[in-house]
Amino acid sequence: MPASDYDSACLPDILPLYYRRLFPFSQYYRWLNYGGVQKNYFQNREFSFTLKDDIYVRYQSFTTQNELEKEMQKMNPYKIDIGAIYSHRPNQHNTVKSGTFQALEKELVFDIDMTDYDDVRSCCSAAEICPKCWTLMTIAIRVLDRALRDDFGFQHLLWVYSGRRGVHCWVCDEAARKLSVAARSAVAEYLSLVKGGDETMKKVVLSDPIHPFIKESLVVVERYFPLYALQDQDILGRKESVDKHLHVRKQLQQDFQNEKKPENRWNLLKDQAKRKQATSKKGQYFEKEIMLQYCYPRLDVNVSKGVNHLLKSPFSVHPKTGRISVPIDLKELETFDPFAVPTINMICEELDRPRTVEEEEKSEETNDKDNEKDAAESRKIRDYKRTSLAKYVKCFDQFLDVMARSWKGELLKKSDLQKDF
């Protein structure tokens, strides 16, 4: 269902249904409790809710999954943000002695927003996206995921579509959650290449020798650059982009008159760069700088630096588009389509469809097991499995299963240390 079929006026009617029957509270709690390895970890976490008419409620915190569930079903937030783990329970922050209420830990997070690429995309601008420019998000995920895993050794990365025009990354390793502000800043700066505001024409400057991290990033960028920049954005065909970003010499501009194919024009430009490399150190990576300026991830560094910075929660609804903020399965990254992500009205409508014979049989099987499991929770699992949300919850489950193995290791270590030999 296209986002155009979604009407935000329906949110007060369908949000209660979403939180009552579809929101994956069990997995959500499992994630943010981190296996109960650290005491009070979930209880000291800040949640922030944006309610109808932009009423903003900060410093919410909950003792149990059941408490979180009841409060969310009572308040029906239009948007959910997740904050830090604090020294005290956030909902009691006003009762704590001044200066002692401190943000201690949080996942290392990254926010990539399409609006930061407006100077290098001609297909859309501002909040608009299309399949052509969505390639930039694919590149960002490929580059950053590799660097965070290979260069920093992180393993538990949750990539999430924001619901509108960007992606978020939650690095959930214990080492990442414990990073100081200075360390977070260092990671964010290491990953930042595109520098300067609107007035800066040349936003990427490479020095010799090229850092191994940049070389690895170029391997990714080179794979997408021809289709994204040369074909879809036609950067060598539009006079505006040639004048603004490419600083093409007059001789090359004349050569362009005789050559209309984007790939051939790019080869002419690379030939010019090679000739320059032979005679001068300055500007020797001209064509690589162009590729990076057009395709390299653009981070909102401030989001990554702060421990107490709030970030939109997975499975929150985007009030403008109605789309659910869903995890992205990296095995299917190339085919991920933001326009195919379910909207809240779509999944609520799917709940109303008559059940198939197969679903009825499965339902009866599950009913037999309800004495082993809370019936309401069991029904909720059956409910989301009947909708387009199912594959995204499954992706989240798989992420949690991998992470749970590391929690088990921590819990075993703890129990060994506590044994009295």
Check your understanding: Among (1) open to solvent by less than 20 Å² (accessible area, probe 1.4 Å); (2) more than 17 Å from the chain's Cα centre (by Cα), which single condition is Lys288 missing?
Key -> (1)
Review point. Taking segment 66-97, which residues are farther than 29 Å from Asp7 by Cα, surrounded by fewer than 19 Cβ atoms within 10 Å (Cβ to Cβ) and out of contact with any His (no Cβ under 9 Å at 6 or more places or on another chain)?
Key: Asn66, Glu67, Ser87, His88, Asn91, Gln92, His93, Asn94, Lys97
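Can you tell me which residue within segment 163-213, out of those that are of a type in the set (Asp, Glu) and modelled with pLDDT of 95 or more, is farthest from Lys312 (Cα to Cα)? Outline the logic, then answer.
Step one: filter segment 163-213 for residues of a type in the set (Asp, Glu), giving 173-174, 189, 198-199, 208.
From what's left, modelled with pLDDT of 95 or more: 173-174, 189.
Details: Asp173: 19, Glu174: 20, Glu189: 22 Å.
Only one residue tops the list, namely Glu189.
I need the full set of residues from segment 209-222 which are in contact with a helix residue (DSSP H, G or I) (Cβ under 8 Å, 6 or more places away or on another chain) and not β-branched (Val, Ile, Thr), in order please. Working first, answer last.
Here is the first cut: in segment 209-222, the ones in contact with a helix residue (DSSP H, G or I) (Cβ under 8 Å, 6 or more places away or on another chain) are 210, 213-214, 216-218, 220-222.
Phe213, Glu216, Ser217, Leu218, Glu222, listed by residue number.
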Check your understanding: Val181 passes all but one of (1) among the aliphatic types (A, V, I, L, M); (2) within 30 Å of Ile85 (Cβ to Cβ); (3) open to solvent by less than 70 Å² (accessible area, probe 1.4 Å); which number fails?
Key -> (3)
Review point. Residues of segment 5-36 being of a type in the set (Ser, Thr, Tyr), open to solvent by 10 Å² or more (accessible area, probe 1.4 Å) and part of a helix (DSSP H, G or I), which ones?
Key: Ser8, Ser26, Tyr29
Practice item. Please go through segment 184-204 and pick out each residue that is hydrophobic (A, V, I, L, M, F, W, C) and exposed (fewer than 14 other Cβ atoms within 10 Å of the Cβ). Key: Ala186, Met201
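Can you confirm whether Arg223 is at pLDDT 95 or above, farther than 22 Å from Met114 by Cβ and either assigned to a helix (DSSP H, G or I) or of a type in the set (Gly, Ala, Ser) (or both)? It would help to see each step written out before you state the result.
On the way: at pLDDT 95 or above: yes; farther than 22 Å from Met114 by Cβ: no; either assigned to a helix (DSSP H, G or I) or of a type in the set (Gly, Ala, Ser) (or both): yes.
Criteria not met by Arg223.
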Exercise for review: Determine if segment 148-161 includes at least one residue that is in contact (Cβ under 8 Å) with a residue 40 or more places away in the chain, open to solvent by 20 Å² or more (accessible area, probe 1.4 Å) and hydroxyl-bearing (Ser, Thr, Tyr).
Suggested key: no
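For segment 239-264, what are the residues that are surrounded by 11 or more Cβ atoms within 10 Å (Cβ to Cβ), of a type outside the set (A, V, I, L, M, F, W, C), under 21 Å from Val204 (Cα atoms) and at pLDDT 75 or above?
Step one: list which residues in segment 239-264 are surrounded by 11 or more Cβ atoms within 10 Å (Cβ to Cβ), which gives 241-249, 252-253, 255-256, 259, 261-264.
Now narrow it down to the ones that are of a type outside the set (A, V, I, L, M, F, W, C): 241, 243-245, 247, 249, 253, 255, 259, 261-264.
Restricting the remaining residues to those that are under 21 Å from Val204 (Cα atoms) gives 241, 243-245, 247, 249.
Once the filter is applied, which keeps residues that are surrounded by 11 or more Cβ atoms within 10 Å (Cβ to Cβ), of a type outside the set (A, V, I, L, M, F, W, C), under 21 Å from Val204 (Cα atoms) and at pLDDT 75 or above, segment 239-264 yields Ser241, Asp243.
The values are calculated or read from the model by the stated rules, or taken from the named source; none is laboratory data. Fair warning: this is a prediction, and the values are worked out from it, not measured in the lab. So basically every Cβ, Gly included, is an ideal-geometry build from the backbone, and we count neighbours across all protein chains shown. We work out accessible area using only protein heavy atoms, side chains counted, and drop any ligands, DNA or RNA first. Shrake-Rupley method; radii C 1.70, N 1.55, O 1.52, S 1.80 Å.
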